Every structure is written in C-alpha cells, then in structure tokens.
C-alpha cells in the first residue's frame, strides 16, 4: 500500500521525457472514433551520436466507463463503481519520435456486447463462468471515456525517490496520459452543450428538438434512449442520429408504446472534436409526467483517477 501511495504522490514529480499528449473521442451509432496525438518535445541541448535524443514509446488507449452498478463479492450486493475498465482499444503500439516530431493515430472502437472471462472465473453464485458471455451491464456510451497513456520504453526505473521498489524489472514507466477532458482543458475548449429543449408529442412519436451551443460549431449529435429510467442498465440504450440545422437545432423522433416513459440523453461533438453528453431526461408527457434524473458523467475526480490507470504496466 505504501509503495503505491508513494507512486501516486510522486507521479507528477518524476523526471520523464517531455511529451504533449492529446486524445479526442467521437460517438458514431455503435462505435467510438478515438484520435490520439503525441508530440515529443525533446530534452534540449546537443546529444552525442551514441546517445541520441529519441523517444522510444509504446502507446495504449484504455476505455473506461463511470458509474456502473456491479456485484461486489466483498459487500455481498451491487455497488456503484467508478472508472471501470471496459477494453483496450489500442495495445502496445510502438512509436519512435525525434524532438519536435508528432505522431497521430485514429482508432475505431466498436462497442462490445460480450465479454471473455478468463479460466477460473466464477459468477456471484460460485458457478464456473469462462469464455465468451454477454456483458452483464451493457456499455452506456454517455459514460464512456478513453484514457491515452504513453510509456517510455527506455525508462525502466524501479524505485521512487523515497527508495522504495515498485515496478517489476524491465517495466516501462508511463511518461504521460490524457483524456478528452484533459485535452479540452489544454486547448481551452469549452465542451458543447444543450441550451434548451422543445419536446412535441404526436401520437406515439416523441419529437426532440434541442438547441445546441458551441463557439466552434457542432460536429455531430446522437440521441440515446430507453423506456425505463434515466440510469437504466439492464439492456443497451437505443441510438438514433440527430439532424442538425444551420441554427444548431438538433432533431430526432422516437417511437414508443403508450404508457412507456421515454428517457434520453444527447451525445454531441463540437468543431474541435470536444465530446459531451447531456444529463438523462424524461420526455414530458410520457410515462405519467415529467421527471429529471441526473446521470453524472466524468467529473474532475473521475478524470484524475482515470489518468492514473496507465501509471504502471506489466509485461505479458
């Protein structure tokens, strides 16, 4: 415990090769498009031929989801879990950069609906559960964030400044990490937002008209929906692209059965690829009245914890 605590408090103070790392995400119906950008800033000065100033790096993209209700064997009940690892979208891509050189990669990540359990895994009742199975809690794209991590393959230091041994031998040290939220902060880019809603009922059709706002324009918008509640996670939410007018009014129509509530969230991207998701909202006049239920996304603490995912990587 003390060793990991030392790593946590010293993670921002260690000497690492200077890099600039940024990552963006865009939702597209059943997948995300992740774009990662890495620039090596160089250590400065003149490097001898036998020790050139080069970044030999490995890049990973980890996908996490916040606010997931999952069974805890320790608690003996379902508990709220934060920043749950979902999948690795990019695994150990090796990149070599000279000072001031930039590398960019676009990765398409299709949202999975199954999970592969390792040998020896058991369900909550102790029954063997190995191989491929449906994901117990479907992935909600409104709560997904990608975490980019760059490792310096030439830095395999095993100790903290306090002299405590941490990593296994020959384990590269993480030099930088980023999320779409940290990237927006670095670029001073305010995320896009929904300013107002205009909801119209026509029989069993719920028409959503949402006014979107961003100084860089709106790149795309999707509505995800279900007919249960704002935090529904028994099944995947439905998805529908929204038409966006010149005045940044996004429109979509959802067909529903009489008596069912229509809950929805809007996922949008601005002109600088900044990603945002609105809070869950019940369509007024469906399911017996209007109720607004918050379904928080990634806050500051969640982003901070997500950035720590890649601090230590063990070789396979």
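When each of the peptides 211-222, 121-132 is scored by how many other beta carbons lie within 10 Å of its residues on average, the order from highest to lowest is 211-222, 121-132. Suppose each label sits 7 Å from its Cα in the direction of the beta carbon; what would the residue 201-residue 234 distance come out to in nanometres? Going from the residue 201 label point to the residue 234 one covers 2.3 nm.
What's the extension gain from residue 87 to residue 193 if we count 0.36 nm per residue and subtract their Cα-Cα distance?
Working: separation 106, 0.36 × 106 = 38.16 nm, distance 2.76 nm.
Answer, rounded to one decimal: 35.4 nm.
Using a Förster distance of 30 Å, how high is the FRET efficiency between residue 243 and residue 114, based on the Cβ-Cβ distance and rounded to 0.05?
Details: r = 32 Å, r/R0 = 1.07.
With R0 = 30 Å, the Cβ-Cβ based efficiency is 0.40.
For the listed peptides 259-269, 29-39, 72-82, 199-209, a ranking on the average number of other beta carbons within 10 Å per residue, highest first, reads 259-269, 29-39, 199-209, 72-82.
Read the figures in this text as sums done on the coordinates, not as results from a lab. None of these values were measured; they are calculated from a predicted model. So basically every Cβ, Gly included, is an ideal-geometry build from the backbone, and we count neighbours across all protein chains shown.
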